[in-house]
1. Out of the stretch 375-394, which residues are at negative phi and crowded, with 20+ Cβ neighbours inside 10 Å?
2. I need the full set of residues from the stretch 116-131 which are more than 15 Å from Ala387 (Cβ to Cβ) and either loosely packed, with under 14 Cβ neighbours inside 10 Å or not aromatic (Phe, Trp, Tyr) (or both), in order please.
3. Among Leu350, Leu367, which is hydrophobic (A, V, I, L, M, F, W, C), crowded, with 20+ Cβ neighbours inside 10 Å and modelled with pLDDT of 95 or more?
4. Can you find even one residue in the stretch 358-367 that is outside any strand (DSSP E or B) and among the aromatic types (Phe, Trp, Tyr)?
5. Taking Pro60 and the conditions (1) farther than 19 Å from Asp139 by Cβ; (2) without any contact (Cβ under 8 Å) to a residue 12 or more places away in the chain, which numbered condition does it fall short on, given that it satisfies the others?
6. Identify all residues within the stretch 373-402 that are under 21 Å from Leu258 (Cα atoms) and in a loop (DSSP other than H, G, I, E, B); write none if there are none.
7. Quick check on Pro122: is it more than 14 Å from Ala169 (Cα to Cα), assigned by TED's automatic domain parsing to the domain that holds Ala166 and touching a Gly at 6+ places or on another chain (Cβ under 7 Å)?
8. Which residues, counting only those in the stretch 34-61, are of a type in the set (Ser, Thr, Tyr) and either in contact with a Leu (Cβ under 9 Å, 6 or more places away or on another chain) or surrounded by 22 or more Cβ atoms within 10 Å (Cβ to Cβ) (or both)?
Amino acid sequence: MLIPLEWRSLFHQISGKCATCGVTITPPLSIEIDRDYLLKTLTELVRINSINPTLVPGAPGEAEIGRYVAGSLRNIGLDVTVVEPQRGRPSIVGVLRGKHHGRSLMLNAHYDTVGIDGMSDPFSGAMRDGKLYGRGAYDMKGSLAACMTAAKALTDSSGLSAGAIAVTAVADEEYGSIGTEAVIREIRVDGAIVTEPTALDLCLAHKGYLWIEVETEGRAAHGSKFAEGVDANIRMGRFLNELEKVERELRARPGHLLVGPPSLHAATISGGTGLSTYAASCKLQIERRSVPGETAAQAVREIQEIADRLAAADPTFHATVRPFFTRQAFEVSPDARIVQVVERAANQVLGRKVRRFGDTPWMDSALLSAADVETVVIGPAGAGAHAAEEWVDIESVTRLAEILVRAALDYCV
């Protein structure tokens, strides 16, 4: 089911600054975090198997966890709808509206996970020494629990006087991000907080990436017929030799202030059909990590120039270069309102000045930013994303919920 038209209209109406409100609002001390709800929600989220079925064929995906989140958000008073661009891959949107017009803010977290290879008890939700363990606890069900708990704190206190917040629990971030892409098509918000784990520091930029396939052409022939065969694998060797030079040059660049230089690696390679046959084709897949300010066209051109140089030196050399998946890098200005609001809230809650930094993994923040939504990233502490032991620091999840409450009340005016 898609979000009804009147929901989309509401989000457009509340975009922009309220004509009657201009002051910065911070939450009164009476707004409290329901720690019992937070722990219960986090534990139950981790106990639900939500492995991404694109990564692990046959995995259950997000249907069960979507039902759980939708029910919980309805129970705490949010208006809930389901965005499901692919059957069985739902994302949940829960909206809390203030009494007056104001800015709208998205609290975004994904609830799909990677697989569980090497994990002894991946869905236990066990708690030890202030940590909660299990697949997705850190990446990023702890974040989702904080978003849901922040929304509950606001509904319990009737604390959102203006604007609106949207808690978005999204599918498929670990592969194609169909969840956030679909949500962006259905609702319009002014700002977003993506709650990927950052140890409660403020992420203002991250890298993007391109996947590029290069195929060299040969001519199949019996292994004894060297005059007839053309070895595509050896020709790929020429290409790899030049690619290594580009890789070194990329890392030698001055780089971006927050995320460093771009990079690439030769991820997979395959060619040939048998030991006694000249390879007619060899395919190489490259991952190119980009930095803010670079374009996909620039990155592809650097790869295409290798093929062009080799063909100019040897007219019998043939290679095709094909980009097949692109995610752009992300950067937000330190002067953006969303950055100022979240930084102020974090400083208040933590009693320290939070660190601004750039990260290397890609996040859904890039999609929101590309849709002209001012976006920043902050999330809890922990370890073990995609690893055999994963945990999230419970106290940091609580602090994150407090930060989100303060940020919502400051932003949604």
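The values are calculated or read from the model by the stated rules, or taken from the named source; none is laboratory data. On a predicted model such as this, the values are computed, not experimentally measured, just so you know. With ideal geometry, Cβ positions are generated from the backbone for all residues, glycine too; neighbour counts draw on all protein chains shown.
1. Correct list: Thr375, Val376, Val377, Ile378, Gly379, Pro380, Ala381, Glu390, Trp391, Val392, Asp393, Ile394.
2. The answer is Ser124, Gly125, Ala126, Met127, Arg128, Asp129, Gly130.
3. Numbers: Leu350 fails: crowded, with 20+ Cβ neighbours inside 10 Å.
On inspection, the qualifying residue turns out to be Leu367.
4. yes
5. Answer for Pro60: the failing condition is (1).
6. Of the stretch 373-402, the ones under 21 Å from Leu258 (Cα atoms) are 373-381.
Within the stretch 373-402, Val373, Ile378, Gly379, Pro380, Ala381 meet the criteria.
7. yes
8. First, pick out the residues of the stretch 34-61 that are of a type in the set (Ser, Thr, Tyr): 37, 41, 43, 50, 54.
Residues satisfying the conditions are Thr41, Thr43, Ser50.
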